[in-house]
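Below: the structure, in structure tokens.
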Amino acid sequence: MKSLAGNGVEGRFEWIGLLGVGDNIVVTNKRKLERIFSMKGGKGETSYAKNSQAQARHAQSVLHLLEGTLDRLQLVSPETPFVVADLGCSCGGNTIYIVDVIIKHISKRYEALGHEPPEFSAFFSDLPSNDFNTLFQLLPPLAIHGGSMEECLAADGHRSYFAAGVPGSFYRRLFPARSIDVFHSAFSLHWLSQVPESVTEKRSTAYNKGRVFIHGGNESSALAYKKQFQTDLAAFLRSRSLELKKGGSMFLVCLGRTSVDPTDQGGAGLLFGTHFQDAWNDLVQEGVVEGEKRDSFNIPVYAPSLQDFKEVVEADGSFSIDHLQVFRGGSPLVVEQPDDAAEVGRALANSCRSVCGVLVDAHIGDKLGEELFARLERRATNHAKDLLEKLQFFHIAASLSLDNS
């Protein structure tokens, strides 16, 4: 799961990298963003695994909506394995927690009907560049040793399902037809499959000159992002409608906004359109990065309104909307000492770097990336109180059932 944490991104950036050793990213030609983009792997200070506590809290706040989706799901014979897929799993423990919640809830439904639960299978899916190694190291050992599924579910510290990783963009097909019972995706669908081409074309009215995100930008840029989001979500729905079993359901959570104006990206705008933007401007003003280099970098994120989302689902027609709402998710900053400005600044820089650091390093090299995030940390430290008060995320939660009519 991810908050600003992406999936399925394929872009059109000119990648000019620095040859190096160790942590240096080597990029020497134009490549699909899909092959490069991921949340920051490993277990270091700026990794996604260390900076996804806020996503965990936000996910827990909508567990009742997830459980409502699972209660509406049509159960099949317990002799048939039950299959769960988490799309945009990233490399932290949040996805494992959610899969466990889903399986335990479904098991209770079977038990309430007097049946022993079926065998369970869970697919963890993200882009090929995702750090699956770190994720799989977090998986508890399998508890199935010839015992019943009921005994397996009762085993402490073990998992009660078979696990597999599925690399690929969720804007395309990932699974065989009619093979999945329930899809879950959290904090991923706001990541676009690419930055719209017109946003980086100098002759286009949508050219996002001087900015690295659409927040506070011109209307044409924002509408290009909106169109890309709707195209991507339509592709996502088409693929899932073929992969879900009859009676299957999806529970989706992504960044959202309450404003009708797409140039007001809410919390995402404050994260990527204020101090992060200013940090880029610092590098340009100091002559460290050329203005055109900054202008060719855009964050491929779009926080839709409820209407943006609803229009696509209804136009697709494959799914019934069981529940759709915008809810306040809270701050992405998790700090132990809110009065410590340095801790707040570090938390913002680490949070931002964990979700888009790979893109920054691929665009300007990891050394300049260090410079950029150092400036972001200093700016965030100077505005710590304001950030704690104003940086709030809104999310869209959608419970969708496959329309079998």
Only unsatisfied item for Ala398, checking (1) surrounded by fewer than 24 Cβ atoms within 10 Å (Cβ to Cβ); (2) within 21 Å of the chain's Cα centre (by Cα); (3) outside any helix (DSSP H, G or I), is (1)
Within the stretch 69-96, of all residues that are part of a strand (DSSP E or B) and within 20 Å of the chain's Cα centre (by Cα), the one nearest to Arg172 (Cα to Cα) is Leu87
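Per-residue answers, yes or no, for (1) modelled with pLDDT of 95 or more; (2) of a type in the set (Lys, Arg); (3) out of contact with any Asp or Glu (no Cβ under 6 Å at 6 or more places or on another chain):
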{"site": "Phe175", "(1), (2), (3)": "yes, no, no"}
{"site": "Glu197", "(1), (2), (3)": "no, no, yes"}
{"site": "Asn218", "(1), (2), (3)": "no, no, yes"}
{"site": "Leu223", "(1), (2), (3)": "yes, no, yes"}
{"site": "Ala235", "(1), (2), (3)": "yes, no, yes"}
Only unsatisfied item for Ser169, checking (1) within 30 Å of Thr274 (Cβ to Cβ); (2) modelled with pLDDT under 95; (3) out of contact with any Asp or Glu (no Cβ under 7 Å at 6 or more places or on another chain), is (3)
Flagged in the stretch 112-131 as touching a residue at least 24 places away in the same chain (Cβ under 8 Å) and either assigned to a helix (DSSP H, G or I) or within 27 Å of Phe187 (Cα to Cα) (or both), in numbering order, are Phe120, Ser121, Ala122, Phe123, Phe124, Ser125, Asp126, Leu127, Pro128, Ser129, Asn130, Asp131
Here the residues within the stretch 339-382 that are assigned to a loop (DSSP other than H, G, I, E, B) and either touching a Leu at 6+ places or on another chain (Cβ under 6 Å) or among the hydrophobic types (A, V, I, L, M, F, W, C) (or both) are Gly365
Does any residue of the stretch 313-333 turn out to be in a helix (DSSP H, G or I) and crowded, with 21+ Cβ neighbours inside 10 Å?
no
Output for Cβ contacts, cut-off 6 Å, separation at least six or different chains, first residue among the aromatic types (Phe, Trp, Tyr) in the stretch 163-187, second surrounded by fewer than 23 Cβ atoms within 10 Å (Cβ to Cβ) and not in a strand (DSSP E or B), reads Tyr171/Ala235; Phe175/Glu243
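Does the stretch 266-310 hold any residues that are in a helix (DSSP H, G or I) and of a type in the set (Gly, Ala, Ser), and which are they?
The answer is Gly266, Gly267, Ala268, Gly269, Ala279, Gly291.
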Pairing a residue in the stretch 232-250 that is on the phi > 0 side of the Ramachandran plot with any residue that is modelled with pLDDT of 95 or more and in a strand (DSSP E or B), where Cβ atoms lie under 9 Å and the two sit 6 or more apart in sequence or on different chains, gives Gly247/Asp181; Gly247/Ser401
Exercise for the section: Determine, yes or no, whether Glu377 is free of Cβ contacts under 8 Å to residues at least 12 places away in the same chain and either under 18 Å from Asp278 (Cα atoms) or not hydroxyl-bearing (Ser, Thr, Tyr) (or both). Expected result: no
Would you be able to say whether some residue in the stretch 106-121 is touching a strand residue (DSSP E or B) at 6+ places or on another chain (Cβ under 6 Å), modelled with pLDDT of 90 or more, farther than 22 Å from Arg72 by Cβ and surrounded by 15 or more Cβ atoms within 10 Å (Cβ to Cβ)? no
Here the residues within the stretch 276-319 that are of a type in the set (Phe, Trp, Tyr) and either on the phi > 0 side of the Ramachandran plot or touching an Asp or Glu at 6+ places or on another chain (Cβ under 8 Å) (or both) are Phe319
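Looking only at the stretch 360-405, which residues are under 30 Å from Thr69 (Cβ atoms) and among the aliphatic types (A, V, I, L, M)?
Leu391, Ile396, Ala397, Ala398, Leu400, Leu402
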When the stretch 171-221 is checked residue by residue, the ones that are assigned to a loop (DSSP other than H, G, I, E, B), in contact with a Leu (Cβ under 6 Å, 6 or more places away or on another chain) and farther than 24 Å from His363 by Cα are Ala177
When every residue in the stretch 310-338 that is over 30 Å from Glu243 (Cα atoms) and over 21 Å from the mean Cα position of the chain (by Cα) is compared, the one modelled with the lowest pLDDT is Val335
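The values are calculated or read from the model by the stated rules, or taken from the named source; none is laboratory data. Nothing here was measured: the structure is a model prediction, and the numbers come from that model. For neighbour counting, all protein chains shown are included, and Cβ atoms are generated from backbone atoms with ideal geometry for every residue, glycine included.
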